[in-house]
Amino acid sequence: MIVIGICGGIGTGKTTIANICKKSGYPIFYSDAAVAKAYEQPSIISAVAKIAPQSIIGGAVSKESLSATAVKDPAFLPKLEAIIHPVICKEAAAFISKHKAEGASLVFIEAPLMFTSNMHTLCDYTITLTSSKKIQKARVLQRKGMTAEKFETLYARQQKEMALCKQKADFIICTNGDILTTKQRLKQILCQIASSLESTNGLGQKQKGE
């Protein structure tokens, strides 16, 4: 079974690409959805309460409060990620194992912080999505509750990760164009991976996390 990671900055089209793959019948692990579920776990609620007690409202984690705290205090986010990332990696590993046991041939892992979270170590290949800042901003400002100021903060914070994604990814897809162009590029990549595996008959396949 092949595991492909999808990463990219805010507004580059990660969810769009993941949904295309899902409609094609491939299992998709959505990191953002896994994070949302993780915040419901008592152990996570307890851990978050220790670093951000103001973000526990009515016994539950307030994602809005966490987001506001992260914007105000740059030192807060690494503390939060140290709590969340190991949990999400564990969930992704379980997802992969489940579908491997079920006989899946290809699985996708969608994760914005693919490399800083070490999620790439679970993948055979990684695809980074890129787009111009102008297009990213236009897409993101269509989201409910998003402001230009919040976008700029998130965009600036992601630049280190995006540099890693571009440097270390096996493939890059620029999503500035229309959806058809993006689909064609994705198809080319999948065909290239399949062709590479066929030509080596499984020998010399890149090891996970390389």
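The figures follow:
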| item | result |
| --- | --- |
| Sole exception among (1) surrounded by 16 or more Cβ atoms within 10 Å (Cβ to Cβ); (2) within 18 Å of the chain's Cα centre (by Cα); (3) assigned to a helix (DSSP H, G or I); (4) modelled with pLDDT of 95 or more for Leu154, by number | (4) |
| Single match in Ser105, Ser131, Ser97, Ser117 (criterion: closer than 30 Å to Met1 by Cβ and touching a Pro at 6+ places or on another chain (Cβ under 9 Å)) | Ser117 |
| Every pair of residues 6+ apart whose Cβ atoms lie under 9 Å, when the first sits in the range 124-141 and is free of Cβ contacts under 8 Å to residues at least 12 places away in the same chain while the second is assigned to a helix (DSSP H, G or I) and surrounded by fewer than 19 Cβ atoms within 10 Å (Cβ to Cβ) | Leu141/Ala148 |
| Criterion (aromatic (Phe, Trp, Tyr) and free of Cβ contacts under 8 Å to residues at least 40 places away in the same chain) met by exactly one of Phe76, Phe29 | Phe76 |
| Which listed residue, of Lys98, Lys22, Lys79, is basic (Lys, Arg), within 24 Å of Phe171 (Cβ to Cβ) and assigned to a helix (DSSP H, G or I) | Lys22 |
| Residues satisfying the stated conditions in the range 135-162, i.e. basic (Lys, Arg) and in contact with a Gly (Cβ under 8 Å, 6 or more places away or on another chain) | Lys137, Arg139 |
| Hits in the range 161-182 (condition: within 15 Å of the chain's Cα centre (by Cα) and without any contact (Cβ under 8 Å) to a residue 40 or more places away in the chain) | Ala163, Lys166 |
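Conditions tested, residue by residue: (1) surrounded by 14 or more Cβ atoms within 10 Å (Cβ to Cβ); (2) closer than 27 Å to Thr153 by Cα.
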| position | (1), (2) |
| --- | --- |
| Ile20 | yes, no |
| Ala34 | yes, yes |
| Phe76 | yes, yes |
| Gly103 | no, no |
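The values are calculated or read from the model by the stated rules, or taken from the named source; none is laboratory data. Worth saying up front: this structure is predicted, and the values here are computed from it rather than measured. Neighbour counts are summed over all protein chains in view; Cβ atoms, including those assigned to glycine, are modelled from backbone coordinates with ideal geometry.
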